[in-house]
Amino acid sequence: MTNEENHSMEEQELREILLVRREKLKELQEKGNNPFTIEQYIRTHMSKEILDNFENLEGKTASIAGRIVSKRGHGKAGFAHIQDMEGRFQIYVRQDQIGEESYKEYTTYDLGDIIGVEGEVFRTKKGEISLKAHSVVLLTKSLQPLPEKWHGLKDPDLRYRQRYVDLIVNPEVKDVFIKRTKIIRKVREFLDNQDYLEVETPILNTIAGGANAKPFITHHNTLDLDMYLRIANELFLKRLIVGGFDRVYEMGKMFRNEGMSYKHNPEYTAIEIYEAYTDYNRMIEITENLVEYVAKEVLGTTKINYDGVEIELKAPWKRVSMHDLVRDKTGIDFMAAKNNEEARALAKDLKQIENIDKLTKGEIINAAFEEFCEEDLIQPTFVLHHPVDVSPLAKRNPDNLEITNRFEAFIYGREIANGFSELNDPIDQKQRFLSQLKARELGDEEAHMMDEDFINALEIGLPPTGGLGIGIDRLIMFLTNSHSIRDVLLFPTMKPEIK
RNA sequence: GACUCAUUAGCUCAGCUGGUAGAGCACCUGACUCUUAAUCAGGGCGUCCAGGGUUCGAAUCCCUGAUGGGUCACCA
């Protein structure tokens, strides 16, 4: 034997587990039983339907189809479980029922193969509702082995990359995504029932506005124009309010070119809701009522357990001003500071806040809030009246022009909603864009870009309006007790695998 | 981005102070017509993440890199 032959034999042995299945497929094809030519299989029932209606179906004929997930042979008979969308179902296959030829072929089927089975509904001696096969058809040959049957697929990386395998072997994953769909449907239902109009605004933007974030850049060839994937849809929705749609919302993907973590994915789903002739108080009510409604509808309760902590989502939620929180936690009354210098002097002992000498009074209050207060907000809480310096799109509070009529909702120390009375003074808005522009020139890539057309819209006239954004993935994390955003995204963003 | 842990069979994992790579499941062969982690007997399966170094000898020690997890930082 030459080295080359030796090597190729080793190669073959290496992949024996794969070759065996390919051989089986080849044999079937040579016999004229190529499963990949089959285009349909008529099933009369889903697995769950038979389980739920056994009394009516016992003794009757039914057909089901699905993937073989376990198999137990006993010589001239055997049991197997097949899995369809609704669950697992046992089949009982006997040589004297389906014939010698057919039975011999059945014994070659592997875990992962997809089959159709027609047979009689019955209950085994051990009590399991099953199907006694009259015929078994191979519908798809699986050429790769499934993960091990009771440890399953655990490697998180593989689970995300090969979600299709994850879904097959970890049924509870399916439940999370079924729940995700229900949650999204119920959010829409809540708003549709109150005559909010769902709209679609551009994802490809020439100005990435509506939030402080780094955008993804892409390129339009015909226009030879760099474009941004949207970081928010706020400015478009407010244009629609200007146009006379008094209640609008949009739920969809946002894209932010920033870090990834258990609560950040580069593309994520958010909803923004705008309503004319109302203020931030109304948006606070919508937030707590919407979350309460969705929890009740999807989970049947407003009490959730997240990571071992009981959380009550029932409205009304607690309301507290940001400044009071910071003052109570740090013992420093920043509102007493008359200017930035005084605020910096007050903050000088707060070592956790970086670059204090570059921050304004409002930014210091916000930083102190994030550093010292956020994590304590376990039960749903609205934090009110953010400084104007960190709220370039929010209306000022008439009693104190340094703060805004804005709120953020926190659950388990995480922000899940943000809303405010929308700034509709075009002159003030322009000033704030200009100061954002200045920050941008100083290197803040996340500062707002100037949006002249949005200013134009405000000059046409935006009625008093309340606006609100909710992080849908984070809401879903709470309602499904998921600890990573990747667990609520079917295909989370992954680096490409290097082979 | 920083720190830290991990990467061994298709899957889940063991492998001690350096001495020829292990188990279970899955797969193959045989027995078995009510099993369900089926059972019983036998068998095959490895780029020990990659590259370099130390050593007579490296899955094991050292360095560099890749990928992933966790923690922290920024962002929702």
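In terms of the Cα gyration tensor, with a ≥ b ≥ c the square roots of its eigenvalues, is segment A:54-128 rounded because a/c is under 1.5, prolate because a/b exceeds b/c, or oblate? Intermediate results must be reported in sequence, preceding the final value.
Values: a/c = 1.63, a/b = 1.21, b/c = 1.34.
Because a/c hits 1.5 or more and a/b fails to exceed b/c, segment A:54-128 counts as oblate.
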*What is the percent of Cα-Cα separations in segment A:175-229 that go past 18 Å?*
59 percent
*Give the cross-link partners of residue A:358 among the lysines, using a straight C-alpha distance below 20 Å as the criterion and excluding same-chain residues fewer than 8 apart.*
A:338, A:348, A:438
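Taking a ≥ b ≥ c as the square roots of the eigenvalues of the Cα gyration tensor of segment A:344-466, is the shape rounded (a/c under 1.5), prolate (a/b larger than b/c) or oblate? Please report the intermediate quantities before stating the final value.
Details: a/c = 2.07, a/b = 1.33, b/c = 1.55.
Oblate, because a/c is 1.5 or more while a/b does not exceed b/c.
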*Cα centroid separation - segment A:80-111 against segment A:447-493, whole Å*: 50 Å
*With label points built 7 Å along Cα→Cβ from the Cα atoms of residue A:212 and residue A:307, find their separation and express it in nm.*
2.4 nm
*With each run of n ≥ 4 DSSP H residues scored as -39500 (n - 2.57), what mean residue ellipticity at 222 nm is computed for chain A after dividing by its residue count and rounding to the nearest 500 deg cm²/dmol?*
-10000 deg cm²/dmol
*Given R₀ = 56 Å, FRET efficiency for residue A:352-residue A:96 by Cβ-Cβ distance, to 0.05?*
0.15
*Would you list, by chain and number, the aspartates and glutamates whose Cα falls below 20 Å from the Cα of residue A:314, excluding same-chain residues fewer than 8 positions away?*
A:189, A:285, A:288, A:292, A:297, A:376, A:408, A:415, A:473
*Which length gain, in nm to one decimal place, applies between residue A:34 and residue A:427 when the Cα-Cα distance is subtracted from 0.36 nm times their residue separation?*
134.3 nm
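Over segment A:118-230, consider all pairs of different Cα atoms and compute the Kirkwood hydrodynamic radius from their mean reciprocal separation; express it in Å, one decimal. Intermediate values should be presented prior to the final figure.
On the way: mean 1/r = 0.0490 Å⁻¹.
Hydrodynamic radius (Kirkwood, Cα pairs) of segment A:118-230 is 20.4 Å.
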*Cα→Cβ-extended label distance, 7 Å offset, between residue A:434 and residue A:135, nm*: 8.1 nm
*Around residue A:53, with a cut-off of 14 angstrom between Cβ atoms, what is the net charge of the other residues, counting Lys and Arg +1 and Asp and Glu -1?*
-2
_For the pair residue A:328/residue A:150, report the inter-label distance in nm, with labels modelled 7 Å from Cα in the Cβ direction._
5.2 nm
*Find which of A:36, A:139, A:25 sits farthest along the positive direction of the dipole of segment A:3-145, computed with +1 on the beta-carbon of Lys and Arg, -1 on that of Asp and Glu, about the Cα centre.*
A:139
*To the nearest whole percent, what portion of all C-alpha pairs in chain A is separated by more than 28 angstrom?*
65 percent
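I need to check one value: relative contact order of chain A, counting alpha carbon pairs closer than 8 Å and at least 6 residues apart, in percent. Walk me through the numbers before you get to the answer.
Numbers: 887 pairs, mean separation 59.0, N = 499.
12 percent.
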*In the calculated pair distance distribution of segment A:3-145, what percentage of Cα-Cα distances lie above 25 Å?*
31 percent
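Provide the net charge surrounding residue A:237, with neighbours chosen by a C-beta distance below 9 Å and charges set as Lys +1, Arg +1, Asp -1, Glu -1. List each step's numbers first, then the result.
Details: positive: A:238, A:239; negative: A:234, A:250, A:272.
Surrounding charge for residue A:237 is -1.
What number of lysine-lysine pairs in segment A:3-145 show an alpha-carbon separation below 12 angstrom, given a sequence spacing of 8 or more or placement on distinct chains?
Details: A:24/A:141; A:26/A:141; A:60/A:132; A:76/A:104.
Close lysine pairs under the 12 Å cut-off: 4.
Just so you know, all these numbers are worked out from the coordinates, no wet-lab data involved. Bear in mind the structure is a predicted one, so any value in this text is a computation, not a measurement. In this analysis, Cβ positions are derived from the backbone assuming ideal geometry, glycine residues included, and neighbour counts consider all displayed protein chains.
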